[in-house]
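Below is a structure I'd like to ask you about.
The values are calculated or read from the model by the stated rules, or taken from the named source; none is laboratory data. Since this is a predicted model, take the numbers as computed values, not measurements. Reconstructed Cβ throughout: ideal geometry from the backbone, glycine too, with neighbour counts over all protein chains shown. We work out accessible area using only protein heavy atoms, side chains counted, and drop any ligands, DNA or RNA first. Shrake-Rupley method; radii C 1.70, N 1.55, O 1.52, S 1.80 Å.
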Amino acid sequence: MASFLLPKLGADMTEGRLVEWLKKPGERIERGDVIAVIETDKANVEVESWLAGTMEKILIEPGDKWMPVGTPLAAIRTDGPEPVAPPAFAQPAPSAPVPAAPPARMASAGPALPADRLRASPAARRRAEALGVDLASVQATGPDGRITLDDVERAASTKPAARPAADRRDRMREAIATAMSRAKREIPHYYLSTVIDFAPALEWIEARNRDRPVTERLLPGVLLLKAVALALREVPQLNGFWIDGRVVKSDAVNVGVAVSLRGGGLVAPALRDTDRKPLDELMRQFQDLVTRARAGSLRSSEMTDATVTVTSLGERGVEAVFGIIYPPQLALVGFGKVVERPWVVGREVVPRSVITATLSADHRATDGHRGALFLDAVDGLLRAPEKL
Amino acid sequence: MTSDDIRGKVVEILGQVVPELDPRELRADAALRDQLDIDSMDFLNFAIGLHKAFGVEIPEADYRQLGTLDGCVAYLAARIKAA
């Protein structure tokens, strides 16, 4: 038997509200099935199951109550032996090397001692992550001040009740403030920028769109996403996570797309396997993702699977974006406005459409040299858009 | 289809892209992008909505004619007439 816990769907999520069950007791559950809809500060999220089994018992009914991450919501009778690891649904599938949930220490208000320096057993760490408990807030009773599994359980049971639901916009602002403050405090960012000749990409896309119906056109943004994804294949050190004091690289390249929401706030859902998808398919998924993000309807895997984030503020006139990394990711890539600049082509200076690409990266994981190689790769890819 | 019919339909499609749109506050001669804070994805969805509602093709090169509500009405009226 496994507990279905209120999952952590991003570094800035601390609580959620159960909107709807999509499985009834006795109903079969396959891996990847959507079993519930959870309201977070940012969206109504369709939560997928990482386990196969049968819905045994519903512990919490849908309602107005906001609950902390890690609250048991239902019991699931799993196929085969009981899972050894805590059944945190925000954890990755065994076959996927991508940690879907950020570490608990990124999620709560600042302890004096970083969580990765606290002594805790691996089981206690996993349980703390599953329950959304900040290890730094746990009273240790184990040998040498070690935090035990029981300590984590006790801390979870004494966590303060969720505060009354406030306006979603205010809660989103608060969640972003917590996550970004912590990111800025804990991640030693370094920043690089480069100006890229964007004319080949614009010319290619204009020619490609010319004879196509409006329903089949590409936006320049999709070229940027694909170029970033392919460049990450060349420089994989920037693709993944910083967890428990070390780099966890990801084989999958899932680009998180920063989407600004109407009325304020933002969300950065993932486009899975961005590097492997043809542009047409990527465009369709990009369009669908942005539409659903703005409508407040996303899937849990989209909220947790991003291995890097791309943001673009060029449409509002900004020439360069130096963003804050979304923990526990290792990097954030920014693009600015396409502008006309004097540019040397051969031996002539000509007006040219250029775009500024920036990289914010975690200096614990990479050095500037690696970051420079990445931006150079993006540059090279955008000069040959037909190969994207 | 009269100009008023076209205008009403255009505003309806804009409302699908920008749910918080208040038609009473929409200035017909001012840039839609600036009034409604729409980006290229919103604009593409708007163009797709117009294409489906009016049954006309909208080349990318014509996008700039759709920059205002008045521009949309004039453009669509001409396209419908020419069809």
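Any residue at all in the range A:249-257 that is within 12 Å of another protein chain (Cβ to nearest Cβ), in a strand (DSSP E or B) and of a type outside the set (Asp, Glu)?
yes
Give me the residue from the range A:354-371 that is open to solvent by 50 Å² or more (accessible area, probe 1.4 Å) and either touching a Leu at 6+ places or on another chain (Cβ under 9 Å) or among the β-branched types (Val, Ile, Thr) (or both) and, out of that set, farthest from residue A:196 (Cα to Cα).
A:364
State yes or no: is residue A:290 within 14 Å of chain B (Cβ to nearest Cβ) and in contact with a strand residue (DSSP E or B) (Cβ under 9 Å, 6 or more places away or on another chain)?
yes
Results for (1) closer than 24 Å to residue A:361 by Cβ; (2) at pLDDT below 95; (3) assigned to a helix (DSSP H, G or I), shown as yes or no for each residue.
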{"residue": "A:285", "(1), (2), (3)": "no, no, yes"}
{"residue": "A:292", "(1), (2), (3)": "no, yes, yes"}
{"residue": "A:298", "(1), (2), (3)": "no, yes, no"}
{"residue": "A:303", "(1), (2), (3)": "yes, yes, yes"}
{"residue": "A:306", "(1), (2), (3)": "yes, no, no"}
{"residue": "A:310", "(1), (2), (3)": "yes, no, no"}
{"residue": "A:322", "(1), (2), (3)": "yes, no, no"}
{"residue": "A:325", "(1), (2), (3)": "yes, no, no"}
{"residue": "A:332", "(1), (2), (3)": "yes, no, no"}
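Let me spell it out: the conditions are (1) out of contact with any helix residue (DSSP H, G or I) (no Cβ under 8 Å at 6 or more places or on another chain); (2) crowded, with 23+ Cβ neighbours inside 10 Å, and residue A:10 meets all of them except one. Which number is the exception?
(1)
Out of all the residues in the range B:21-38, is one or more at pLDDT 95 or above, farther than 23 Å from residue A:316 by Cα and open to solvent by 40 Å² or more (accessible area, probe 1.4 Å)?
no
Search the range A:258-275 for residues being outside any loop (DSSP other than H, G, I, E, B) and in contact (Cβ under 8 Å) with a residue 12 or more places away in the chain, and hand back the single one that is farthest from the other protein chains (Cβ to nearest Cβ).
A:275
For the range B:22-30, check the following and say yes or no: at least one residue is more than 24 Å from residue A:285 (Cα to Cα) and basic (Lys, Arg).
yes
Further question: What are the residues in the range A:214-233 that are facing chain B (nearest Cβ under 9 Å) and either open to solvent by 40 Å² or more (accessible area, probe 1.4 Å) or among the basic types (Lys, Arg) (or both), if any?
Matches in the range A:214-233: A:215, A:217, A:220.
Could I ask something else about it? Pairs under 7 Å by beta carbon, first residue within 29 Å of residue A:263 (Cα to Cα) in the range A:169-193, partner among the basic types (Lys, Arg), six or more apart or different chains?
Listed by first residue and then by second, the contacts come to A:172/A:42.
Could you pull out the residue among A:320, A:384 that is among the hydrophobic types (A, V, I, L, M, F, W, C) and touching a strand residue (DSSP E or B) at 6+ places or on another chain (Cβ under 7 Å)?
So the residue among A:320, A:384 that is among the hydrophobic types (A, V, I, L, M, F, W, C) and touching a strand residue (DSSP E or B) at 6+ places or on another chain (Cβ under 7 Å) is A:320.
Could I ask something else about it? Among (1) modelled with pLDDT under 95; (2) within 30 Å of residue A:203 (Cβ to Cβ), there is one condition residue A:384 misses while meeting the rest; what is its number?
(1)
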